[in-house]
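Note sheet for the following structure.
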Amino acid sequence: MIRVSRRRAIGAICLLLLAGCIGGGRAPEELRQTATWFDPNYSVGHAGSGWDTAELAKVAEIIRGNRKPPGGKIPPKRSILAVSGGGSYGAFSAGVLCAWSETGTRPNFDVVTGISTGALIAPLAFLGPAYDCQLKQFYTTVTNDDIYKKRKPLRALFAESFADNAPLRSQIEKTVTPEVMTAVAQEHMKGRRLYVGTTDLEGRRSVVWDLGAIAIRGTPSDRDLVIDILLASAAIPGFFPSVPITVTAGGQATTERHVDGGVSASLFMVPPYITDEEKAKLPKNWLYDSDLYMLMAGKLYSDPEPVANESLKVAGSAITTVLYAQARGDLQRMFTVTLMTGMNYHLASIPQDFDAPTSCTEFNPFTMTKMFNEGVRQVREGVVWRKTPPGLEAGELSVFRGGTKLMSAGGGPAIIGHPRGGFPPMTIEGIPVPPDPFKK
């Protein structure tokens, strides 16, 4: 007879109730309105309300301009694509890529990097528009059954994960064919690079895999290793099992356990490969005026959502907030890199007011097609790329309060923090000026 500890028994009950929990707090509509509330005593420019973001953007452009090589000789333009994680939200990234191909302006990227669902997109994006049909088919037709099988609650309690991702492995095997491996190897020989990030679960570090370097080895196990890496990069810890990868160090074989690359980074960039001979001929700032494109499979700020008064729900909500903050931090760090190198910064993401599913582990063809079409719309309307990192656009400052008496700017769910231009007139002390009843 199996003895179940009290802690595990409680955990089992929590798992059984998890799907049926109803938030005991404010309604979703009220939470969305909260995003427009502000303290009238903290106007833009008032103490503690934040920086002059417009001025910061100007300074950033000056810094980037100063990286221009002397003599006005611009080095060859390079392009880097970084695709983030985001589960089913990857449909947005796929939509951007497919519509971008239609314009005829999509670059033949020198470097493509991917994390999690971005790792699944990366090989197809790397190989070019010829693989757009596969991208669209995957991100508009797959269902949960094509990605995972949920375990029974009690079995999941004693297993490594809540779900079995064997179906996802089958999907990856269909994508990473011997022909794809050959194509990746050929592009690698031309100097282009394809990188995927995973997280070493026990080593607690990010690992970047050069898939092209693996593809050119020419050994029978190369394809299996690439499949394992892609599966690991999308293995959400706890939800999917870790993927064992055997490495050899000092003549001894060791098995590492790899999980979702999004645990350690939401996305990442690696500079293009150049030979020592090329480097000797290029100026120091050889990446000046090159392009860094980032596809965020999701929003920059999480949507407000009721949280039940239960430990798992509270912890889950807090972790979600941390992950979104980490993603914004990664994007800000990459913005700093573009300033240092003189590169151009291009960021695409799902708009804050877009009605997206709350869970990235729900693969519903209807909602995924909707997100795919949003990516297509942004490209066709010419509004896909922003030039600034999170925190430098309207409504992206932190919320400052000096008390609990708040006002609503009525800006809708797209407003996060201070809505610029949404404040009433203020005195020099920051006190709201009452409206003139006689003024029409």
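Tallying residues that are closer than 18 Å to Ala356 by Cβ and among the charged types (D, E, K, R) within the range 367-385 yields 3. Please specify each residue of the range 290-319 satisfying the condition of being closer than 30 Å to Trp385 by Cα, in a loop (DSSP other than H, G, I, E, B) and hydrophobic (A, V, I, L, M, F, W, C). Hits for the range 290-319 are Met296, Ala297, Leu300.
One residue stands out in the range 213-238 among those that are surrounded by 22 or more Cβ atoms within 10 Å (Cβ to Cβ) and over 18 Å from the mean Cα position of the chain (by Cα): the one that is nearest to Ile147 (Cα to Cα), namely Ile229.
Determine which member of the set Glu381, Glu374 is free of Cβ contacts under 8 Å to residues at least 24 places away in the same chain and either farther than 24 Å from Phe268 by Cα or surrounded by 14 or more Cβ atoms within 10 Å (Cβ to Cβ) (or both).
Of Glu381, Glu374, the one residue that is free of Cβ contacts under 8 Å to residues at least 24 places away in the same chain and either farther than 24 Å from Phe268 by Cα or surrounded by 14 or more Cβ atoms within 10 Å (Cβ to Cβ) (or both) is Glu381.
Residues checked against (1) among the charged types (D, E, K, R); (2) in contact with a Ser or Thr (Cβ under 8 Å, 6 or more places away or on another chain):
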residue	(1), (2)
Asp164	yes, no
Pro167	no, no
Ile172	no, no
Ala183	no, no
Lys190	yes, no
Tyr195	no, yes
Leu201	no, yes
Trp209	no, yes
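Summed over the range 276-321, the residues that are under 30 Å from Lys68 (Cα atoms), within 20 Å of the chain's Cα centre (by Cα) and among the aromatic types (Phe, Trp, Tyr) give a count of 1. Scanning the range 335-348 for residues that are buried (at least 21 other Cβ atoms within 10 Å of the Cβ) and part of a helix (DSSP H, G or I) turns up Phe335, Thr338.
Every number here is computed from the coordinates shown, using simple stated rules; none is lab data. Every value quoted in this text rests on a predicted model; they were computed, and no experiment measured them. In this analysis, Cβ positions are derived from the backbone assuming ideal geometry, glycine residues included, and neighbour counts consider all displayed protein chains.
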